[in-house]
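The values are calculated or read from the model by the stated rules, or taken from the named source; none is laboratory data. Just so we're clear, the structure is a prediction, and the values are computed from it rather than from any experiment. With ideal geometry, Cβ positions are generated from the backbone for all residues, glycine too; neighbour counts draw on all protein chains shown.
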Amino acid sequence: MTLHWKRLLPRYLVLTIFMLVVLLPIWGMLMSAFKTDTQITVSPFSLPETWTLGNFQRAWTVGKFNIFFKNSVVVTTAVVISSVFLSILSGYAFGQLPMPGRRLLFPLMLLGYMVPFEAVIIPLYNWMNALGLRNTYWALILPQIGLSISFGTLWMASFFDSAPQELVDAATIDGCNRWQTLWLILWPLARPATTTLIVLIFMWTWNEFLLALVMVQTEAMRTLPVGLAFFQGKYTSNLSLMAAGAIIVALPTVLIYILFQRFFIRGMLGGAIKG
Amino acid sequence: MITGKRRYPGESNWKGWFYLLPAFLVYLLFTFIPIIETFRASFYDWNGFSETQTFIGLDNYVNLLSDPLFLKAISNNLVFIIFYSIIPILIGLLLSAILTGKPIPGFSFFRTVFFLPQVISMVVVGVIWRWMFNPVSGPINQFFSLIGLDQLRQAWLGSFKYALPAVGLIGSWVQYGFCMVLFLAGMQRIPLEYYEAASLDGANSLKQFLHITVPGLKSEIGVAMITTMIAALRVFDLIYSTTRGGPGETTLVTGFLIYRSAILNNRIGYGAAIATILTIIILALSLLIRHFMTEKPSEAI
């Protein structure tokens, strides 16, 4: 047993050091959100002497994070629900259904997954401007669905492609049409793949910055990341207030990450690879 | 590659298209056509609102090659590759090396933390590190004072000398956990017996690492390299929320230059040309990824 520990201890030590490098800045920001500015400067990483929720209150109301939060929730919900639903249908088409032109369509969808937002942002900006759709939810939702769908389609396609064919054949023999086979037979099996897709699209949309920065001019339409960026420009010297704002932006993704960790990591590693 | 499945008797050959169509239309309108339009616009001179767009052929591209701003931005992106790609991969390999052998109890907790920066908004990461690097009250300068090295205090993000490496290090901070988790997943594929056999043959840990671990992780290292390089080329949010390209143009990157030219200064064609170059580089790298896919990385998480 002692020998075992002698072998493990140096490993724990190195791991702990690198873990602290990741954790300390985040921890410091979290603690700062509950402190006063002077307290932060004196001891940046300690627990607050007196816990205060005042920073959150001020960020939420004075900093308008209540509005940014609502906008982020509206945009993210719309994008996640429609992208995932459409991706299940199109992934099913790719993986299971007869579809002439599949060989051409596949690389076409792959293109959308590989290009950066910079490749599409300029025309989208001009069009939304011309249509008078800037400063609306449409300008934030539709392009985000477009980019999410290409990954979503490929992700779901690879699931449906590997689904057991006997099951599909049996369902057909029992009289299921394609629509019924999808929702009654295959979709229950696709839950893990769907969950991964939901958490990834949720995270990408929630954290999306360039699109929201470009499409939105009015404060009332800002999403959380853009709201935080402008907030930072305005309250540079007010550390505790900014920390509270940052925590409000980060908390939802961190919570979802902790709850759905395995799906997240598998999706992000798989996503990097599948591309 | 997706193979597609059989058609049942009496079924329309076009059935797949009905299911594909809604997604495909949204994709065409909001992704594919804009990609083509960006490419087209890069051959024109246009301010974004006037009626006329003047065709100028390759002029935008030719001008770019002699534009010091563009060259600066590209070279900064290359510097970021060191910080986003090379440093994190080396740290990831180092951590994997010390973790060879039997699984470590409690490791899943470490993994949760290591991956954390990947899920946080880059604007939040920017806010965190602006505070860490704050010249007066930032913990980094405070730390140097604490250990009596006051001369090391810097205005990190405001300094012509240190702003670029400082922002780069933030990138390393974000990426190394990702590399490590990727490598550890791959290491589960390498049979433990290899290491045992090597130990019996008297190979030390360094030799085992170089001759067993690194070759075994070849495909993961390739994937990590390209993913992090793409991240280094795309960097935008972090620059926006830390330095906005400053001081001067010290931390200017292509993503930021596209935003500045096309959106802020209405030089649509010029911005589109930069976007096209960036897209082509990123596409080329993404296609390279597939080259490393021949050996499928382990799904065991």
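Please verify whether residue B:186 is in a helix (DSSP H, G or I), touching an Asp or Glu at 6+ places or on another chain (Cβ under 8 Å), more than 30 Å from residue A:234 (Cβ to Cβ) and within 13 Å of chain A (Cβ to nearest Cβ), treating the condition exactly as stated. For residue B:186, the condition - in a helix (DSSP H, G or I), touching an Asp or Glu at 6+ places or on another chain (Cβ under 8 Å), more than 30 Å from residue A:234 (Cβ to Cβ) and within 13 Å of chain A (Cβ to nearest Cβ) - is met. Here residue B:283 clears all of (1) more than 9 Å from every other protein chain (Cβ to nearest Cβ); (2) surrounded by fewer than 20 Cβ atoms within 10 Å (Cβ to Cβ); (3) under 22 Å from residue A:210 (Cα atoms); (4) in contact with a Leu (Cβ under 9 Å, 6 or more places away or on another chain) except the condition numbered (1). Scanning region B:187-202 for residues that are loosely packed, with under 15 Cβ neighbours inside 10 Å and either more than 18 Å from residue B:93 (Cβ to Cβ) or aliphatic (A, V, I, L, M) (or both) yields B:191, B:192, B:193, B:196, B:197, B:199, B:200, B:201, B:202. One residue stands out in region B:225-235 among those that are buried (at least 23 other Cβ atoms within 10 Å of the Cβ) and not aliphatic (A, V, I, L, M): the one that is modelled with the lowest pLDDT, namely B:227. Within the span defined as region A:233-245, every residue fails to be in contact (Cβ under 8 Å) with a residue 12 or more places away in the chain, more than 8 Å from chain B (Cβ to nearest Cβ), part of a helix (DSSP H, G or I) and among the aromatic types (Phe, Trp, Tyr).
Annotation for region B:21-29: at least one member residue is more than 7 Å from chain A (Cβ to nearest Cβ), surrounded by fewer than 18 Cβ atoms within 10 Å (Cβ to Cβ), over 15 Å from residue A:127 (Cα atoms) and without any contact (Cβ under 8 Å) to a residue 24 or more places away in the chain. Is it true that residue A:26 is under 30 Å from the mean Cα position of the chain (by Cα) and within 13 Å of another protein chain (Cβ to nearest Cβ)? It is true that residue A:26 is under 30 Å from the mean Cα position of the chain (by Cα) and within 13 Å of another protein chain (Cβ to nearest Cβ). Look at residue B:199 and say whether it is within 12 Å of chain A (Cβ to nearest Cβ) and not β-branched (Val, Ile, Thr). No, not satisfied.
Within region B:139-156, work out how many residues are more than 23 Å from residue B:249 (Cα to Cα) and either in contact (Cβ under 8 Å) with a residue 12 or more places away in the chain or charged (D, E, K, R) (or both).
Residues flagged as more than 23 Å from residue B:249 (Cα to Cα) and either in contact (Cβ under 8 Å) with a residue 12 or more places away in the chain or charged (D, E, K, R) (or both) within region B:139-156 amount to 3.
Among the residues of region A:208-239, just one is over 24 Å from residue B:134 (Cβ atoms), buried (at least 23 other Cβ atoms within 10 Å of the Cβ) and small (Gly, Ala, Ser), namely A:212. On the basis of being hydroxyl-bearing (Ser, Thr, Tyr), farther than 26 Å from residue B:112 by Cα and modelled with pLDDT of 90 or more, does residue A:16 make the cut? Answer is no for this residue. Taken over region B:157-186, residues that are without any contact (Cβ under 8 Å) to a residue 24 or more places away in the chain and either in contact with a Leu (Cβ under 9 Å, 6 or more places away or on another chain) or surrounded by fewer than 16 Cβ atoms within 10 Å (Cβ to Cβ) (or both) amount to 1. Screening region A:97-136 for residues that are in contact with a helix residue (DSSP H, G or I) (Cβ under 6 Å, 6 or more places away or on another chain) and among the hydroxyl-bearing types (Ser, Thr, Tyr) and picking the one that is modelled with the highest pLDDT gives A:125. When we screen B:152, B:164, B:182 for residues that are touching a Phe, Trp or Tyr at 6+ places or on another chain (Cβ under 6 Å) and hydrophobic (A, V, I, L, M, F, W, C), the only hit is B:152.
On the given criteria, is residue A:107 free of Cβ contacts under 8 Å to residues at least 12 places away in the same chain, within 24 Å of residue A:90 (Cβ to Cβ) and touching a Pro at 6+ places or on another chain (Cβ under 7 Å)? So residue A:107 fails the test. In region A:126-147, the residues that are at the interface with another protein chain (Cβ under 10 Å from one of its Cβ atoms) and outside any loop (DSSP other than H, G, I, E, B) never reach a residue that is among the charged types (D, E, K, R) and surrounded by fewer than 16 Cβ atoms within 10 Å (Cβ to Cβ) with C-beta atoms less than 7 angstrom apart, at least six apart or across chains. Residue pairs whose Cβ atoms lie under 9 Å apart, sitting 6 or more positions apart in sequence or on different chains, and linking a residue in region B:32-53 that is within 11 Å of chain A (Cβ to nearest Cβ) to a partner that is among the β-branched types (Val, Ile, Thr) and in a loop (DSSP other than H, G, I, E, B), are B:35/A:115; B:46/B:52. Of the helices (runs of 4 or more DSSP H) contained entirely in region A:1-101, those carrying at least 2 residues that are small (Gly, Ala, Ser) and within 26 Å of residue A:205 (Cα to Cα) fall at A:65-96.
Taking the listed residues B:254, B:243, B:250, the one that is within 11 Å of chain A (Cβ to nearest Cβ), surrounded by 19 or more Cβ atoms within 10 Å (Cβ to Cβ) and of a type in the set (Ser, Thr, Tyr) is B:254, with no other qualifying.
Does any residue of region B:3-17 turn out to be more than 8 Å from every other protein chain (Cβ to nearest Cβ) and crowded, with 19+ Cβ neighbours inside 10 Å? No, region B:3-17 has no match at all.
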